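One structure is given here, and the rest of the page talks about it.
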Amino acid sequence: MSSRFLSPRYRDITPYFPGEQPKDRAYIKLNANETSCEPAPGVRRVLAGARMKALGRYTEPTAYELRHLAGEIHGVRPEEIVAGNGSDEILGWIFLTFFEHASVCYPDITYGYYESLAVGLGIEHHTVPLRADFTMDVDALCKETSHIVIANPNAPTGYLLPVSDIERIVAADPNRIVVVDEAYVDFHNPSCLPLIRTYDNLIVVQTMSKAYALAGAHIGFAYGCPELMRDLDCVRGVMNPYNISDITAAVGCAALEDQVYLESHVYDVELARDYTIGALRRMGFRVLESRTNFIFVEHPTLAGPDYVRALRAHAILARNYPSMRRAENFIRITIGTMEEMVAVVQATRDILAHRNGEMADERAVL
Ligand SMILES: *Cc1c(COP(=O)(O)O)cnc(C)c1O
């Protein structure tokens, strides 16, 4: 029950439901698109090293060094970047700063946090259905006059939209903002970052939680024209002026500096992903194309919720989306290490064999 002081705005709020982090036993954890690998070796040196003295002081509030480094890597100036405590925080400020007295739309099957933000902040919102094959309906998005948020590649489907299609959506109406959430861009996907110089109604959002293996440090970035970023930074300054801790900034810089490690981590994930896709397809699964560190899969006779439950009995966590119409039967499996994915394939083989045995028993009884 809530207290009697709760603001009326939040009466009907349901908090965003992230992938669970159970501690009751050891799990192979493939339910939150994190990584099972360690971050770059430089991160360990930062944490073991000489940051202690700095902790007595407030950090530099705009995370300049972190933004500067990210900018260097992407060919973007620091005034075109705002840093956040995760891209979730960045998304929250974008909604607050630009969407509060307007309306926003996003695909019906996408990252659930957009809906949480719109509902939680009382912002008018609606969804634009994906096409039957789960690809984005670019023509429908072009016609939208509301602000637009799209994840590219999309989650949990994994589909990538070409930059030319994004440009078409952005250019179709300069009077609404298009936010492109590029959480999985580092898995060898093209970015629409270069377009921020041409379009002052485009914001690109990126994170270090996935390919950089830093979900626990929680660092995200917004990229856009200086005017948009100034507005966003004002709201950041009001909501949480020291949003990036000194430790977080140092860890983020160390990871950004090691692009070779990033590349090798991404390569490992892609190798384990392509192995898993092949093995599941051979067992009869439909697996959507993936350009990310997760796969979205469906079996013709094994219901999604049952598959998640059965994997859990094998100490493997994955995720199902019972409230997403048309995708209820799919499950999303994050790609862990090769050993973990071998365990997933083995468990799946057991689950299917066990179930086929049960079905044969039922037939015998009839
Ligand atoms: C994981 C994810 C995020 C959240 O990233 P954080 O930086 O950890 O907050 C945002 N958007 C999409 C599409 C994601 O998959």
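For segment 88-112, the set of residues classified as of a type in the set (Val, Ile, Thr) and within 14 Å of the chain's Cα centre (by Cα) consists of Ile90, Ile109, Thr110, listed by residue number.
In the condition set (1) modelled with pLDDT of 95 or more; (2) away from the ligand (no atom under 14 Å from the Cβ), Val119 is compliant with all but (1). Against the criterion of being hydrophobic (A, V, I, L, M, F, W, C) and either within 27 Å of Gly252 (Cβ to Cβ) or in contact (Cβ under 8 Å) with a residue 40 or more places away in the chain (or both), Cys192 qualifies.
Only one entry in Val128, Val149, Val104, Val82 is farther than 26 Å from Phe330 by Cβ and surrounded by 15 or more Cβ atoms within 10 Å (Cβ to Cβ), namely Val82. The condition of being in contact with a Lys or Arg (Cβ under 8 Å, 6 or more places away or on another chain) and buried (at least 19 other Cβ atoms within 10 Å of the Cβ) holds for only one of Phe285, Phe296, Phe330, that being Phe296. Sub-6 Å Cβ pairs linking a first residue in segment 101-114 that is within 24 Å of Phe294 (Cα to Cα) and more than 9 Å from the ligand (Cβ to nearest atom) to a second residue that is at pLDDT below 95 and open to solvent by less than 40 Å² (accessible area, probe 1.4 Å), at least 6 apart or interchain, are Ile109/Met324; Ile109/Ala327, ordered by first then second residue.
The values are calculated or read from the model by the stated rules, or taken from the named source; none is laboratory data. Since the model is a prediction, treat every value here as computed from it, not as a measurement. Glycine gets a Cβ as well: all are built from the backbone with ideal geometry, and neighbour counts include every protein chain shown. Surface areas here come from the heavy atoms of the whole protein model, side chains and all, with no ligands, DNA or RNA. Shrake-Rupley method; radii C 1.70, N 1.55, O 1.52, S 1.80 Å.
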